[in-house]
1. Buried accessible area between B and C (1.4 Å probe, both chains summed, ligands and nucleic acids excluded), in Å² to the nearest 100?
2. I'd like the carbon and sulfur percentage of the solvent accessible area for the range B:247-373, probe radius 1.4 Å, heavy atoms only, ligands and nucleic acids excluded.
3. Once the Cβ-Cβ distance between residue A:155 and residue A:135 is put in as r, and R0 is 22 Å, what FRET efficiency do you end up with, to the nearest 0.05?
4. Quick check: convex hull of the Cα atoms in the range A:1-109, volume per residue, rounded to a whole Å³?
5. May I ask which residue of B:239, B:156, B:291 lies farthest towards the positive end of the charge dipole of the range B:61-360, with charges of +1 (Lys, Arg) and -1 (Asp, Glu) on Cβ and the Cα centre as origin?
6. Pick out which of A:87, A:134, A:101 has the largest mean-square fluctuation in a Gaussian network model of chain A, springs linking Cα atoms closer than 10 Å.
7. Starting from the Kirkwood radius over alpha-carbon pairs of the range C:39-152, derive D by Stokes-Einstein at 10 °C in a medium of 1.306 mPa s and give it in µm² s⁻¹.
8. Which of the residue pairs C:46/C:149; B:21/B:224; C:97/C:152; A:11/B:222; B:306/B:344; B:212/C:24 have a Cα-Cα distance greater than 24 Å in the structure shown?
Amino acid sequence: MSRGRIEGFIKGILDGLEAVYSEVKPARLKVTVKPEDMAEAARRLLSSGFDHLHSVVATDFPRDHRIEVSYIVGSVEGKLADEVVFLTTSVPRDSPELDTLSGIWPAAGLHEREQWEMLGVVFRGNDDLRPLFLEDWRDIPPLRKDYVLKRWVDEERERHGLKVERA
Amino acid sequence: MSYYQLVPGVYVEELPEKEGKITVSIGPQHPGSGHFRLIITIDGDVVVDADPDPGYVHRGEEKMCETRDYIQNIPHLERPVVLDSAGIQFPYILAAEEILDIKDKVPEKAKYLRILLAEFNRVISHFYFLAIQAIFLGHSTVLEWSMADREVLMDLAAMLTGARVTFAYFVPGGVRSDVPSGFVDQTLKAVGYLRSRMKEYWRMLVDNPFMKMRMEGVGVLKAKDAIELGAVGPNLRASGVEYDIRKVDPYSLYDTVEFHVPTYKEGDTMSRIKIRLDEINESLGIIEQVVRKLDGMRGPVRHLVKGAALRAKPGEAYARTEAARGMMSFYIISDGGRTPYRVKVDTPSFRNMKLIPVLLKDVRVADVPIVFWSIDYWPVEADR
Amino acid sequence: MKASEFLSGFLKVVESGLRHLVRKRMTLRYPEFLVVPAPDELFGFKPGEARDTNGLRGRHLLDLDRCTGCRLCEITCNGISGAITMVKVEGQFPRNKRGIFPSIDYGRCVFCGLCVDACIFDALFMTDREELAEYDRAALLYGPEEISKPPKELPVKIRAKRAELILDERRGAHHVQRKN
Ligand code: SF4
Ligand code: SF4
């Protein structure tokens, strides 16, 4: 489907919801809705064929005081199989909370768990928010922009006595 | 998490107890791949619950991407997926080219060379899968065969790229080196040789009555579950869903080569093996076609991007490809700087992790290794 | 499963296995033999043609007369593994007034060859020498003089003869010693 047709198609599905449409290269559609509309939009996308959740991505934008959360969905059905749609919303950075969509796309549970760990976005209703990759992590979530990677590297080096002499 | 002290300084994690059942921690030392732990609860010798515990080989690739430019990101991104390093490079390069706005400048020859290396890697990775699956089945003949036959293509890849495993061959704008002399002939010979070998693999693993008894009907994944849980790649297709990105959303020049997407209905461990054997055959077909096209093709292989042009415009790009283990995708956000603002890597193994609890339920303890490995879960790739 | 099916499947497996008795061994006797799959060329970058020459990516080779000390290789490698540091070399170099050259720490290098791509003065190459094992870490730090000389021949005891892979469908893949 071309960019114009998929935009028309999605607009038809999300009729009545407040949505902003933008583009992710190459010609993928990104739909930004309000946080409270996420569940409704997701339900409509699922029932019109977007049955395969590809991923959940959260991105920190400290300058705008928001964290953007995108659900990337595709479809294994014939007609929509070449499409990828981004269902996006923004949550405030100091209290990032969002309702889980794992009831709609069961695959979302694991992806939400990762984004919770990496960016601290709390997905209300997801009962599986346990540490996934990081064990005993006490710092701020590492993929936030104010997390300084260099400091961690230096601390770890020192902890292991690994100040390697450079020529 | 609670711990008790074994000897001074050594702590052991206490697993939650469930009444009447035994909780077993398998790993984190893993005999076939990177480190990974599986916590299973068993009743008698039947698994009632399985909980994957990844993270032992987490490297923070996404954070690392934010501090390096689009070329410097190439080598470290290959490390999590060494068996399929072209598989992870492909979507990264496609997304990076989108965001650097040089997509139209990539020469045709480079596109074919990319397909060639990606298919090499698919075969290499599937052979590794067969080797480890065979040793988990106690079938050490196939372990040795597939480890040896892998070498044939790895040598060819080394001839083309200069490295055996981590190729660093794809760059924004094309590929790094041209076809060396004698490469086309040797590749065609290798395809013929491997084709003749595939029949024997089929005999050893699929028609073999002992393998049938071990694997048929064990660890069944239904198509509906597979879609809902977000399974990708051969595991999804072994359950009867024909979903291959190369076919449904062709990238590079995959729409100019002919191949067919094998699927199986059963969704059991055996069909996950059969599908990989079939895919090796299909990949060999693609390699043959591509190599014939490359023979005598002239022209550049790379559009050279000068340092200053490596600065991307603000924007977002997304690319997905079919790597050996399934759909691999990159989502890159740029704010106009020299380095990406945010990179999200989605690996097939991470997506397939969701399948482990479902597949292992009601499986006997003795079958846990073969069912677990049959989804080709690669811990390093999942952790990133 | 029917008994006949079982038997025929089983016999086929045995046949496939037995056939290997007459096939040649594929295993390579390393280190007496060594396969160097790439053509005998130095891996280097040709800016004019925008491509690398085909060669194995092993230890580097530096051309002291061509290197200008421009640091492009160091800048590239800093974001990759940080193996390159610039050091001063005594002597007169007309193209390199300050006399600074790259030194490479093979404890860190990942052999990606992107520093070779970055060098636009045709001064940095890679040889096919991959055996660089040493007893301590400091010995892995190669200075500019060291990487400007071609790799030393290995001691006779472990020197490898070049082998090549023959793909024979009937008799199996096997290695033979290369003629040249
Ligand atoms: S090959 Fe790669 S890691 Fe090694 S010195 Fe060059 S740029 Fe650095
Ligand atoms: S080796 Fe090449 S890139 Fe490095 S300093 Fe010398 S001239 Fe510059």
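The values are calculated or read from the model by the stated rules, or taken from the named source; none is laboratory data. Quantities reported herein were computed from a predicted structural model and do not represent experimental measurements. Positions of Cβ are backbone-derived with ideal geometry, glycine not excepted, and every protein chain shown enters the neighbour counts. The area values use the complete protein model at the heavy-atom level, side chains included, leaving out ligands, DNA and RNA. Shrake-Rupley method; radii C 1.70, N 1.55, O 1.52, S 1.80 Å.
1. Approximately 3600 Å² gets buried when B meets C.
2. 50 percent
3. The pair residue A:155/residue A:135 has a calculated efficiency of 0.85.
4. Dividing the Cα hull volume of the range A:1-109 by its residues yields 98 Å³.
5. In the range B:61-360, that residue is B:156.
6. Fluctuation is largest for A:134.
7. 112 µm²/s
8. B:21/B:224; C:97/C:152; A:11/B:222; B:306/B:344; B:212/C:24
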